[in-house]
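To keep things clear, I will list the structure first and then write my remarks on it.
Every number here is computed from the coordinates shown, using simple stated rules; none is lab data. All values reported here derive from a predicted model rather than from experimental measurement. Every residue, glycine among them, receives a Cβ derived from its backbone with ideal geometry; neighbour counts consider all protein chains shown.
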Amino acid sequence: MKNIILILFLLFFVTKNNYVAQKGYELTPYQEFLLELKDYRKECRNALKPYRYDGARTTHFTYKEYNYVKEIEIGIVQKSEYRLSFNSNGIKYDPIKVQIYDKPRKYKSRVLLYEKDGVGGNEFTLETGAMLDKLKEVKKEKGVDEEIVSMMRFKKLYIDYVIPAVDREIEVDPETGGEIKVVTKGAIIIAVGYSNL
């Protein structure tokens, strides 16, 4: 019984101090940005309707002094039509390019299924049906047997975010007088949904 009272007293003391330490706490600009992304993620998920929600992913990136690509992979149930909902309101600086392929970057034979330039501060959705038609068309042109082409389905999609090069901004630190590079970040959200018919 004494042990239980001691444990309860310690828990009360520890939790009380944690609450006192958090009073007056202000959010940093990055934490505010993360809260904004949470709202954008909800909007992105709502844009999937009437498709059933399957998952979402937020891709964070930092602008650099050179162009680079961040690639993500989306798993697809083979016979379902999918809707991809993008929310790029988290891109506050230069717009990026979105490219969707059937294979990862290491394959030279991959097919560009969709491309959109100037993505930033907007939302858009697309379905996989048109992308599958484009893949079948390319395979027919390459001489793949008609029977094989008619059976083709996606297993995965690979989404490349092409982040452009930006000139780094430099600020002067008021305390030391030294130069500091300003880090510019952005984020894009994708939500995936499938047709349940």
Taking loop as defined by DSSP and a crowding limit of 14 other beta carbons within 10 Å, which trypsin sites (Lys or Arg not before Pro) in region 119-157 fit? Lys142, Arg153, Lys155
Among Asn87, Asn67, Asn122, the residue with the largest mean-square fluctuation in a Gaussian network model of the chain built from Cα contacts under 10 Å is Asn67
Taking Cα atoms, how many degrees apart are the long axis of helix 29-46 and the longest axis of the chain, rounded to 10 and kept between 0 and 90? 40
Please give the contour-minus-distance gain from Glu169 to Tyr107: 0.36 nm per residue of separation, less the Cα-Cα distance, rounded to one decimal in nm. 18.7 nm
Extension gain, Lys97 back to Tyr66 (0.36 nm per residue minus Cα-Cα distance, nm): 9.7 nm
Counting only residues 5 or more apart in sequence or on a different chain, those whose built amide H sits under 5 Å from that of Ile76 are Lys156, Leu157
Ranked packing of 103-116, 168-181, most packed first, by mean Cβ within 10 Å: 103-116, 168-181
Value at 222 nm in deg cm²/dmol, rounded to 500, when DSSP H runs of n ≥ 4 in the chain each add -39,500 (n - 2.57): -9500 deg cm²/dmol
Between 0 and 90 degrees, rounded to the nearest ten: what's the tilt of helix 2-22 against the longest Cα principal axis of the chain? 70
Which value, in debye to the nearest 20, gives the size of the charge dipole of the chain about its Cα centre, when Lys and Arg are +1 and Asp and Glu are -1 at the Cβ? 980
Translational diffusion coefficient, Stokes-Einstein: compute it for region 27-194 using the Kirkwood radius over C-alpha pairs as Rh, at 25 °C and 0.890 mPa s, and state it as an integer in µm² s⁻¹. 138
